[in-house]
Amino acid sequence: MGVKGLQTYVEKNCPHACEKVSLRSLAQDYRAEHGKTPVLVVDGLSCLRDHFYHGGLAWVYGGQWQEYLTSLRKFVQDFQSAGIKVVFIFDGVVEKSKRPVWISRIKTELKTVKKIFQHIRATGKEPHRGLLHLPPGTGMFAGLGLKSLGARVYHSSVEADREIAEFALSGDCFGILSQDSDFLIYNMGTTSYFSAQNLKRQRNDIMTVRYRVDVLCDHLGLNRSDLPLFSCLLGNDVISYKTLEKFHSRVAQGSQLIPALARFINDLPLDITIPDIARRIFPSQGKAIELFVQGLLSYILPGQSTKWSMPVSMPNKAPSLEETKLDKNSKCPIRHVRPDISAEILQEAKRRHQNTENIKAIYEILTVAEGDSGVHLEEADSGIPPASVFYRPIREKLHGVLYGVGVKQLTGTAPGVDQCSRQMSGLVIGGEEIVVGHNAAKDWSAHPGAELREPDIILAKPLDMPGGTPTLEALWFGPGVRTVALRWKAFRAGMFCTIPTDRSKAIPKNLMVLVVVLHYMLSEGVLGVWEVDAFLIQALLYLTGTNSGGGWSQ
């Protein structure tokens, strides 16, 4: 992710911009100058592999929650002992302009998963760390774990890079910890950009590399205000490197490309507009010009402006959901609307999303009617359906709750039947038109065999429970014990749970969710009884403290 090739170029050709520093010493200097504790914003996803889910944890089976929590606690404590307060921000959305990059990354991960199973079948051993694929939900669980330790944790409601940069510019931050070259482009004032990849947590200090944007600008002969344009000329998450290939071939190639792009910028007339710059790069591609403008503006933070002017008539944001049109070759020509959700619910959904109280899919479905799922450790042709397909009926019920399908006061139209996918034959199912944002949502499911050329369409279906689907207002804002009971009934209905109520009362509260999930898996025929027993034994061992010595490996 980030700006194509920039990180490598800086490290190889501009080593003076990579300054080895002691975070403890910098924190002491900051405290002496400002009289307050320095705050470091941590890009959560950039620390997952090497610092949260460290090399000592087995990863093929996953599930080592206690060890994972210990790793998170150690991370926070190391910074606290250095006099640094850490704030964590995790990716909470995938913006439309970044979807192609997401798809490319997912396809790479699917290839890695295939290699993992080939290795296991050939050797019977866990693969080397070079094939590391983090267990599903690792990022979400990291946020929950850090929050349980008292740390400030947020999930972004826009692209995480931008939200981190905005936080850094707020004046309450002395640095960010990440490994994304976009932070060489954002103008974050005096806030430093520290390397997560080079982070070394030692007994009495924390060492890393600080990337010096001022040194890089001097090396390239650019002003800091030139960097957003420079990023779009080189290629980033919005303007792909492939899109720029013809332009690059006209300017330079190989190791000379970056210096040549810097000269290109310096040769531009001072009064040239952003669209005119784009037309020099893409002479006859209207869509590419629009993306170029969008990519450049994505680096402009609140209170900042671009170096070059832009006509008022030029669009400065992505089209709204109502304006979105599917590709003419789409096999699922379904109408899209913006979800009709009350301001109160949207505000509460955003609060819960940002504060890591909900899974990110809830906010995405409520705001843009689009969700996604990452890559699981799943083997193709195993005879077991992929997780995204297996749990689809549950997601249909979740969509039903979010869109109010089956709420009694809204009855009069049928919610639809059976799943809608690329193979569906028409626009109407069950007597009602399928409308994304009203009774359906787009879904990008990553699993073996997924082409990801276009999203699947997942219906919103009502809960089968007395009184019909409860409203979000009742589930989120309702008072007292009755609301707790209603939430539990809705959860059981959404999970297709048929365990009699009198029997479920005998289940310990902290095992209820586990039992309901296992009940669903067992009823769908993907687990044997012995596998259910294995899950339950692990849970009971943890509850009785039998495993308090240090890990399931014992």
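Computed from the coordinates by the stated procedures, all read-outs in this text should not be read as laboratory data. For clarity, every value in this text was computed on a predicted model and none was experimentally measured. FYI the Cβ positions are ideal-geometry reconstructions off the backbone, even for glycines, and counts take in every protein chain you see.
Results, tabulated for the structure shown:
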{"item": "DSSP-defined beta bridges in the chain - what % are antiparallel, rounded to 5", "result": "40"}
{"item": "Residue order, fewest to most beta carbons within 10 Å, for Glu357, Glu451", "result": "Glu451, Glu357"}
{"item": "Region 234-289 shape via C-alpha gyration tensor axes, a/c threshold 1.5", "result": "oblate"}
{"item": "Ranked list, fewest to most other Cβ atoms within 10 Å of each Cβ, for Val101, Val10, Val158", "result": "Val158, Val101, Val10"}
{"item": "Dipole in debye (nearest 20) - the chain, about Cα centre, beta carbon charges: Lys, Arg +1; Asp, Glu -1", "result": "560"}
{"item": "Relative contact order, percent, region 426-507 [alpha-carbon distance under 8 Å, six or more residues apart]", "result": "18"}
{"item": "Region 6-218 - percent relative contact order, Cα under 8 Å, separation 6 or more", "result": "32"}
{"item": "Cβ-based charge dipole, region 6-218, positive-most Cα from Ala17, Asn204, Cys173", "result": "Asn204"}
{"item": "Rounded tilt (10° steps) of 257-266 against the dominant C-alpha axis of the chain", "result": "70"}
{"item": "Total charge dipole magnitude, region 45-127, about the Cα centre, Cβ charges on Lys, Arg, Asp, Glu only, Debye to nearest 20", "result": "440"}
{"item": "Amide N of region 194-233 lying under 14 Å from the label point, which is placed 7 angstrom from the Cα of Leu132 along Cα→Cβ", "result": "196-201"}
{"item": "Within region 234-275, backbone nitrogen closer than 13 Å to the virtual label 7 Å beyond the Cα of Ile300 toward Cβ", "result": "273-275"}
{"item": "Cβ-based charge dipole, the chain, positive-most Cα from Gln256, Pro269, Val401", "result": "Gln256"}
{"item": "Mean Cα-pair separation over length for the chain, i.e. relative contact order, pairs under 8 Å, 6 or more apart, %", "result": "13"}
{"item": "Cross-link reach list, lysines versus Lys4, counting only Cα pairs under 21 Å and skipping chain neighbours closer than eight places", "result": "Lys12, Lys96, Lys98, Lys107, Lys242, Lys246, Lys287"}
{"item": "On Cα atoms only, tilt of 138-148 relative to the major axis of the chain in degrees", "result": "90"}
{"item": "Cα lying deepest toward the dipole's positive end in region 6-218, options Gln66, Val213, His34, charges on Cβ", "result": "Gln66"}
{"item": "Cα→Cβ-extended label distance, 7 Å offset, between Ser504 and Asn266, nm", "result": "7.0"}
{"item": "Residues with amide H under 5 Å from that of Ser309, placed H, sequence gap 5 or more", "result": "Ile274"}
{"item": "Calculated FRET value between Lys307 and Ser104, using beta carbons and R₀ = 30 Å, to 0.05", "result": "0.50"}
{"item": "Protection proxy ranking of 196-202, 88-94, 399-405 - average other beta-carbon atoms within 10 Å, highest first", "result": "399-405, 88-94, 196-202"}
{"item": "C-alpha long axis of helix 99-123 to longest principal axis of the chain, angle in °", "result": "70"}
{"item": "Under 12 Å from the Gln28 label point (7 Å along Cα→beta-carbon), backbone N, region 188-210", "result": "205-206"}
{"item": "Ascending count of other beta-carbon atoms within 10 Å, so fewest first, for Thr190, Thr469", "result": "Thr190, Thr469"}
